[in-house]
Amino acid sequence: CTGPKCAAEYQAKFGTTLEEDRKPVGPKAEPNPRLVQWQDEAIADIVRRVAVEGRKLRPGLLISADVHVGLPGGRPATDGRNALPWIRNGWLDVAYDMDYGRVLGYARIDAARAACGKPAAVVDLLGNYEVDDKGHVVPREGKLLADLASFCQRRWPGNGVGVYLISMLNDDQIAALRAGPFKE
């Protein structure tokens with residue numbers, strides 16, 4: 001939010017302007033730490049309120065989010081999606097880690113699973129698409145998708161796996177998943 005109300009709240013909280021703090025800082029042009037904190041607190045408040053109020057209306061409600069879980073002790077995500085504290089606070093039951101590469105970030109996910117106190121809450125969300133050399137989004141080969149899903153099943157038994165993007169799911173991928181990791 002960059003409107004007048006948000007700008008006034010930001011000024012009152014940090015004693016500086018939202019407009020000024022939106023500018024990158026330092027030699028690596030990183031986001032201003034105050035802006036990162038602002039985003040983190042705002043998004044965490046939304047997640048907290050959804051969890052608390054949702055569970056009042058429906059006890060046992062499961063809350064999930066698509067996120068980049070990040071590294072324990074690492075800098076918070078600039079977009080405010082910081083799932084580890086949400087899991088620790090009980091606001092989030094499942095964090096689907098958007099891990100869309102051809103090679104999975106399993107070491108990062110292992111670290112996040114260890115740090116959150118609820119390892120099963122972190123689930124790998126695989127990409128089933130590629131961006132070709134012309135910038136077009138195209139389906140990924142089925143064998144690779146099945147191999148990635150099988151890896152997740154071996155690495156984190158019983159934890160599940162997600163696949164993103166439904167519009168890219170094709171017959172080759174379905175056949176490979178049915179023949180491999182999801183044949184039962």
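The values are calculated or read from the model by the stated rules, or taken from the named source; none is laboratory data. Being a predicted model, the structure only gives us computed values, none of them experimental. Quick reminder, even Gly has a Cβ in these numbers, built from the backbone with ideal geometry, and neighbours come from all protein chains shown. Remember, those area values only see protein heavy atoms, side chains included, never the ligands or the DNA or RNA. Shrake-Rupley method; radii C 1.70, N 1.55, O 1.52, S 1.80 Å.
Can you tell me how the stretch 20-139 classifies by the Cα gyration tensor, rounded, prolate or oblate, using a/c under 1.5 as the rounded cut? The partial results should precede the final answer.
On the way: a/c = 1.69, a/b = 1.13, b/c = 1.49.
Judged from the Cα gyration tensor, the stretch 20-139 comes out oblate (a/c at least 1.5, b/c at or above a/b).
When a/c is below 1.5 the answer is rounded, else prolate if a/b is larger than b/c, else oblate, so apply that to the stretch 128-184 with a ≥ b ≥ c taken from the square roots of the Cα gyration tensor eigenvalues.
prolate
Would you list, by chain and number, the lysines whose Cα falls below 25 Å from the Cα of residue 183, excluding same-chain residues fewer than 8 positions away?
Cross-link targets: 143.
If the rule is a partner Cβ under 4.7 Å, which cysteines in the chain fail it?
116, 152 - these cysteines have no disulfide-compatible partner (Cβ-Cβ under 4.7 Å) in the chain.
Nearest 5 percent is fine: what portion of the DSSP beta bridges confined to the chain is antiparallel?
Of the beta bridges lying entirely in the chain, close to 25 percent run antiparallel.
Using amide H atoms built 1.01 Å from N in the peptide plane, name the residues 5+ places from residue 162, or on other chains, whose amide H lies under 5 Å from its own.
Amide H neighbours of residue 162: 124, 125, 126.
How do 10, 100 rank by accessible surface area computed with a 1.4 Å probe, from largest to smallest?
Largest to smallest exposure gives the sequence 100, 10.
Could you give the length gained by full extension between residue 42 and residue 56, i.e. 0.36 nm per residue of separation minus their alpha carbon distance, to one decimal place?
2.9 nm
How big is the charge dipole of the chain about its Cα centre, in debye rounded to the nearest 20, if each Lys and Arg gets +1 on its Cβ and each Asp and Glu gets -1 on its Cβ?
Values: 25 positive and 24 negative charges, 120 e Å.
That gives the chain a dipole magnitude of about 580 debye.
Ranking request for peptides 90-99, 142-151, 73-82, 162-171: highest mean number of other beta-carbon atoms within 10 Å first, then the rest in descending order.
Order by mean packing, descending: 90-99, 142-151, 73-82, 162-171.
Leaving out same-chain residues fewer than 8 places away, which lysines sit with a Cα under 26 Å from that of residue 23?
Result set, ordered by chain and number: 5, 13.
Rounded to whole Å, give me the distance from the Cα center of the stretch 104-165 to that of the stretch 50-103.
Measuring centre to centre over Cα atoms gives 16 Å.
Using the charge dipole of the chain (Lys, Arg: +1 at Cβ; Asp, Glu: -1 at Cβ; taken about the Cα centre), state which of 177, 82, 32 has its Cα farthest towards the positive end.
Looking along the dipole axis, the top candidate is 82.
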